[in-house]
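K.L.:
I am attaching a structure below and will ask some questions about it afterwards.
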Amino acid sequence: MKLFQDNKSLYGVVVPVSALRSKKSLGVGEFLDLIPFADFCKKAGLKIIQLLPVNDSGTDKSPYSILSAVALHPLYLCLQIMPGAKKFEKEIKKMQAEENKKNRFDYEKILHEKVVLLHAMFNVEEESIIEDAKNGELAEWIQKNTWIKEYAVFRNLKRQNFNASWKTWTYMRSPTQTEIMNAWNDSELWHEHLFYAWIQMHLHKQLLEAALHCEKIGIVLKGDIPIMMNEDSVDVWANPELFRMDLRAGNPPDGDNPDGQNWGFPIYNWENLKETNYAWWKTRLILASHYYAAYRLDHILGFFRIWAIPEGECTGFLGWTIPYEEILSRELLELGFTKERIRWMSEPHVPTQAIEAVNNNDYLYTHGLLHKLMDRIGDEELWLFKPQIKTESDIYAENLPFAVQTELCKRFRDRIFITIGRDTKARPVFMPSWNYKNTTAWGSLSDTEKEELKKLFDKKQNIQDELWRKQANEILGQLCQSVEMQACAEDLGAIPACVPETLEKLGIYSLKVFRWERKWEEAQTPFIPLQNYIPMSVATTSVHDSSTLRGWWEEEASPSDILSFVKAIGFSDSECITLNFANQGADGLLPAEQVCPYSEEVAEKILQALCKVPSKLIIFPIQDWLALIRDKTGGVAASDERINIPGTVNSFNWSYRLPLFCEDLIRESSLIEKIKQLIQNC
């Protein structure tokens with residue numbers, strides 16, 4: 001489906017499939033629930049439905065931690081229309097009655113019960129399914145979707161191993177493609193493998209049915225493609241040559257995450273992927289294009305450069321960017337640094353007293369502990385980590401007192417340079433650590449030495465910028481041309497200058513979150529006026545990892561934030577005073593003494609202003625649209641509308657459900673008229 005029929009902006013809604021609530025589903029949203037939801041969108045004038053990833057994530061309920069790049073999640077399968085379902089009507093109705101009344105869904109429970117029922121249905125229909133797999137629709141589907149063979153073998157092995165990671169398996173831990181195909185063709189395992197193929201075919205059919213309905217009524221489906229793959233995935237297991245198993249992806253340290261982030265996902269081996277003309281990635285996009293006319297590329301920065309962290313590190317602190325321009329030992333020697341000083345800058349030197357201070361000031365005990373993993377420098381009270389201590393995990397493996405472990409890990413990071421390899425003469429090559437200016441070694445340098453190193457770092461960074469630009473142009477250029485879907489980037493946070501330039505060149509839409517579009521380098525960090533937004537962008541009020549707009553307004557923003565925000569989105573002084581956003585001062589507007597409630601009236605005024613943004617795609621989360629009728633949705637607290645709270649692990653995350661059934665949304669005339677008017681007035 002063509003994204004733009006004319007030159008007008010398109011308005012839409014973001015919703016996880018799992019959040020959809022229908023009277024037919026079993027306590028969690030299903031693909032077919034998109035049909036009544038699309039009918040609601042049609043009536044309201046919304047033209048885009050953006051989803052979160054719908055890939056199989058196994059026992060992990062985060063849709064961004066997937067165990068297959070292409071397989072769909074069994075959670076979203078409608079059981080009532082499956083072959084053999086009639087014999088299990090009682091069980092289905094019981095599950096429906098128990099789960100559909102809950103405000104949030106129980107991922108583990110619902111997934112388990114659905115899979116149990118699917119096994120029962122499969123067993124009832126086994127004879128006809130086997131025949132279908134030999135000569136019928138299932139046989140044809142398997143032939144067109146060869147990825148299913150790896151997936152089915154992997155899924156069955158995980159079941160046999162009680163869902164344990166493949167890295168712990170005693171059998172088929174590192175199989176060849178021939179061994180995987182032999183397992184698929186094993187007649188004794190045919191039944192088990194067909195089960196997974198049967199499920200995936202029906203998932204495809206149901207999502208395709210929903211997608212075709214959307215297309216028929218003029219609604220665009222926009223998908224979400226996670227960039228990284230879980231290590232415990234079929235793709236990493238079956239195609240390890242496409243990944244760097246020695247490195248993990250993450251983010252460098254910042255104000256919110258002083259230790260950086262380590263996501264635990266292996267990074268891509270782009271050299272090997274290039275040799276295949278990026279076939280694996282293109283297959284992902286081609287399969288997604290069966291359902292979507294547009295797609296979101298998660299963490300677009302990762303196509304330019306990835307923050308790579310050695311396997312075994314617990315944080316993201318000691319990572320570096322790939323691709324990179326390394327610093328050679330020769331270059332440091334040419335700047336006048338001796339081998340001893342290079343070691344001082346690249347190997348943490350730990351004074352005895354630093355560890356003794358957290359170890360009850362016990363000198364002898366401290367020495368005994370340090371000898372386990374460090375070498376003393378002569379008679380000095382100074383220590384170097386032993387060569388076998390390569391990561392933070394090696395420190396934790398020594399079972400030292402917690403305070404000592406913590407201090408040693410802190411000291412382990414205390415270095416200007418990270419050794420990332422050796423040159424042809426076996427001399428170390430380096431990358432600067434992210435926080436090199438805060439290290440002990442940096443503080444010991446003269447001003448002249450600091451200036452010389454900064455010049456070297458700047459020179460290397462300029463080279464790296466070009467490497468990043470070149471890599472993204474190569475990879476994204478190939479991927480975007482492989483399908484007709486419109487690519488949209490997740491390019492939030494601090495990004496290099498080459499990113500917006502490359503996105504514009506390749507026709508990839510940028511992401512703009514209103515509350516984060518600020519001039520961060522200026523005093524008071526004013527919000528960027530709406531008229532300054534580029535048309536080639538997706539504008540939104542919130543994302544799945546943030547609070548809703550109401551949550552930000554009521555729980556996070558200060559009165560001065562609110563005033564700056566509403567002025568930037570076009571409110572006049574008189575409107576600010578009338579709506580209690582501000583008070584009149586002697587020299588102009590002053591922030592209100594406290595933030596006014598985010599009422600239905602305020603929500604309508606704010607969304608009316610935001611809808612006038614020049615962005616070509618204006619897509620708000622369903623929670624922010626529902627704020628227009630918040631009095632009718634049961635008084636849900638803003639915090640309960642969140643989808644995910646990053647950095648936390650609990651039953652709350654990823655379990656959000658709509659407060660209304662899709663069937664009732666279609667009859668919610670007040671909401672429909674408000675949304676329709678907001679769009680028509682732009």
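K.L.:
Where nothing but the Cβ of Lys and Arg (+1) and of Asp and Glu (-1) is charged, how large is the charge dipole of region 127-234 around its Cα centre, in debye to the nearest 20?
P.N.:
Once rounded to the nearest 20, the dipole reads 320 debye.
K.L.:
In nm, to one decimal, how far is the modelled label at Glu521 from the one at Gln388, with both set 7 Å along Cα→Cβ?
P.N.:
5.0 nm
K.L.:
Between Glu604 and Asp298, what length in nm is gained on full extension when 0.36 nm per residue of separation is reduced by their alpha carbon distance?
P.N.:
107.2 nm
K.L.:
Taking R0 as 56 Å, what FRET efficiency do you get between Ile286 and Asp375 from their Cβ-Cβ distance, rounded to the nearest 0.05? Please report the intermediate quantities before stating the final value.
P.N.:
Working: r = 55 Å, r/R0 = 0.98.
So the FRET efficiency works out to roughly 0.55.
K.L.:
Considering only Tyr533, Thr440, His290, whose Cα is most displaced toward the positive end of the charge dipole of the chain, charges sitting on Cβ of Lys, Arg (+1) and Asp, Glu (-1)?
P.N.:
Towards the positive end, the residue furthest out is His290.
K.L.:
Filter the DSSP H helices in the chain by two things, a Kyte-Doolittle mean of at least 1.6 and an axial alpha-carbon span of 24 angstrom or more, and list the hits by number.
P.N.:
Membrane-span-like by this criterion, though nothing is claimed about a membrane: none.
K.L.:
While we're looking at this one, here's another question. Pop the C-beta distance of Asn272 and Glu140 into the FRET formula with R0 = 30 Å and round what comes out to the nearest 0.05. Intermediate results must be reported in sequence, preceding the final value.
P.N.:
Working: r = 32 Å, r/R0 = 1.06.
For Asn272 and Glu140, the calculated efficiency is 0.40.
K.L.:
Can you tell me the length gained on complete extension of the stretch Lys86 to Gln478, counting 0.36 nm per residue apart and subtracting the Cα distance?
P.N.:
Numbers: separation 392, 0.36 × 392 = 141.12 nm, distance 4.70 nm.
Using 0.36 nm per residue and subtracting the Cα-Cα distance, I get 136.4 nm.
K.L.:
So how far apart, in nm, are the two label points at Glu331 and Ile645 if each is 7 Å from Cα heading toward Cβ?
P.N.:
Going from the Glu331 label point to the Ile645 one covers 4.4 nm.
K.L.:
So, in nm, how far is label Glu451 from label Cys682 when the simple model puts each one 7 Å beyond its Cα toward the Cβ?
P.N.:
According to this spin-label approximation, the distance is 5.3 nm.
K.L.:
Something else now. How big is region 320-462 along each principal axis, measuring the range of its Cα positions in Å and listing the largest first?
P.N.:
47, 30, 26
K.L.:
Next up: Looking at the square roots a ≥ b ≥ c of the eigenvalues of the Cα gyration tensor of region 182-226, which shape do they give, rounded for a/c under 1.5, prolate if a/b is larger than b/c, or oblate?
P.N.:
Numbers: a/c = 5.76, a/b = 2.78, b/c = 2.07.
Note, shape of region 182-226 comes out prolate.
K.L.:
Which entries in the list Lys8/Lys612; Lys216/Lys632; Lys567/Lys632 go over 19 Å, if you measure between the two C-alpha atoms of each? Walk me through the numbers on the way to the answer.
P.N.:
Values: Lys8/Lys612 12 Å; Lys216/Lys632 31 Å; Lys567/Lys632 29 Å.
Checking Cα-Cα distances, Lys216/Lys632; Lys567/Lys632 exceed 19 Å.
K.L.:
Between His119 and Cys314, 0.36 nm times their residue separation minus their Cα-Cα distance comes to what? Present the calculation step by step, with values, prior to reporting the outcome.
P.N.:
On the way: separation 195, 0.36 × 195 = 70.20 nm, distance 3.89 nm.
Using 0.36 nm per residue and subtracting the Cα-Cα distance, I get 66.3 nm.
K.L.:
Let me know the charge dipole size of region 320-462 about its Cα centre in debye, to the nearest 20, where only the beta-carbon of Lys, Arg (+1) and Asp, Glu (-1) is charged. Don't skip to the answer; put the middle values down first.
P.N.:
On the way: 21 positive and 23 negative charges, 94 e Å.
That gives a dipole near 460 debye.
K.L.:
Could you name the lysines in cross-link range of Lys94, using Cα to Cα under 17 Å and dropping any fewer than eight places away on the same chain?
P.N.:
Output for Lys94: Lys23, Lys24, Lys86, Lys102, Lys109, Lys114.
K.L.:
Let me know the longest stretch in the chain that avoids all trypsin sites (Lys or Arg not before Pro) found in a DSSP loop with at most 10 other C-beta atoms within 10 Å.
P.N.:
Details: sites that count: Lys2, Lys101, Lys425.
Answer from the scan: 102-424.
K.L.:
For the chain, what's the radius of gyration and Dmax over Cα atoms, in angstrom?
P.N.:
Computed over the Cα atoms of the chain, radius of gyration and Dmax are 27.9, 85 Å.
K.L.:
Beyond 18 Å, what percent of the Cα pairs of region 129-273 remain?
P.N.:
Numbers: 7041 of 10440 pairs.
When all Cα pairs of region 129-273 are counted, 67 percent exceed 18 Å.
K.L.:
Only helical DSSP H runs with n ≥ 4 go in: add -39500 (n - 2.57) per run for the chain, normalise by residue count and round the 222 nm mean residue ellipticity to 500 deg cm²/dmol.
P.N.:
Numbers: 27 runs with 274 residues, N = 682.
That calculation yields -12000 deg cm²/dmol at 222 nm.
K.L.:
Within region 605-645, name every residue whose backbone N is under 19 Å away from a label modeled 7 Å from Cα of Arg667 along the Cβ vector.
P.N.:
Backbone N within reach: 629-634.
K.L.:
Moving to a separate point now. Say R0 is 60 Å: what FRET efficiency, to the nearest 0.05, do Gln160 and Ile217 get from their beta-carbon distance? Mind dumping the intermediate values first?
P.N.:
On the way: r = 44 Å, r/R0 = 0.74.
Step by step, r from the Cβ atoms, then E = 0.85.
K.L.:
If you don't mind, there's one more thing I want to ask. Name all residues of region 29-67 having a backbone nitrogen under 15 Å from the label point set 7 Å from the Cα of His112 along its Cα→Cβ direction, giving them as ranges.
P.N.:
Backbone N within reach: 59-61.
K.L.:
Can you tell me what share of the DSSP beta bridges in the chain is antiparallel? A percent to the nearest 5 is fine.
P.N.:
Once the DSSP bridges in the chain are tallied, antiparallel ones form about 55 percent.
K.L.:
Report the percentage of all Cα-Cα pairs in region 414-483 whose separation exceeds 14 Å, rounded to a whole percent.
P.N.:
Details: 1740 of 2415 pairs.
Here the tail beyond 14 Å accounts for 72 percent of pairs.
K.L.:
I've got another one for you. Mark the label point 7 Å from the Cα of Glu98 along Cα→Cβ and return the residues of region 30-66 whose backbone N is within less than 18 Å of it.
P.N.:
Correct set: none at all.
K.L.:
Scanning the chain for chymotrypsin sites (Phe, Trp or Tyr not before Pro) in DSSP loops with at most 10 other Cβ atoms within 10 Å, what's the longest stretch left with none? All intermediate terms of the calculation are to be shown ahead of the outcome.
P.N.:
Numbers: sites that count: Phe162, Tyr171, Trp520.
By the stated rule (loop sites, at most 10 other Cβ atoms within 10 Å), 172-519.
Where a number appears in this text, it was derived from the coordinates with a stated rule and is not lab data. In this text, all values refer to a predicted model and were calculated from it rather than measured experimentally. For neighbour counting, all protein chains shown are included, and Cβ atoms are generated from backbone atoms with ideal geometry for every residue, glycine included.
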